[in-house]
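Since the structure comes first, as structure tokens, the remarks are kept for the end.
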Amino acid sequence: MAAPRNKQAHFVVLTCTFQREGQSVTAKCQELGTTAFGRNLNQAEKRLREAILLHLNTLEDVGERARFLREHKIKMYTDYPEAVHPTIPTEVLSKAQVVTVDKEFAFV
């Protein structure tokens, strides 16, 4: 879900890491501490996205979003970041995800 064009969009940059563990893949959002797993990378990523959205939307629902982001030093952007270069160990698969904030969080 993208933010409506007439409202200012806000973004947070989240670093998601994926690591193979035996027959499954463990996924983690570094900034939120949210984790998920799957049989393969695509399933782990899908489940992690769902967990991240649930986490962020629950924070919004209970009025704790601003406090949580501030305490965890997660920066809100109003201009889309041109490049994101997280420092992740080379043995870990990684993707940087950007989340749009309106009334609900959604991946873009």
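List of remarks:
- Pairs where the first residue, in the range 55-71, is closer than 16 Å to L14 by Cα and the second is modelled with pLDDT under 90 and surrounded by 15 or more Cβ atoms within 10 Å (Cβ to Cβ), C-beta under 7 Å, 6+ apart: L56/V99; L56/F105; N57/F105; L59/R65; L69/V12
- Scanning the range 46-74 for residues that are exposed (fewer than 12 other Cβ atoms within 10 Å of the Cβ) and either among the aliphatic types (A, V, I, L, M) or touching a strand residue (DSSP E or B) at 6+ places or on another chain (Cβ under 6 Å) (or both) yields V62, A66.
- Residue list for the range 73-99, restricted to those being within 13 Å of the chain's Cα centre (by Cα) and modelled with pLDDT of 60 or more: I74, K75, M76
- Within the range 37-56, the set of residues being more than 26 Å from Y77 (Cα to Cα) and modelled with pLDDT of 90 or more comprises F37, G38, R39, N40, Q43, A44.
The values are calculated or read from the model by the stated rules, or taken from the named source; none is laboratory data. Computed from a predicted structure; not experimentally measured. Cβ atoms come from the backbone with ideal geometry, glycine included; neighbour counts cover every protein chain shown.
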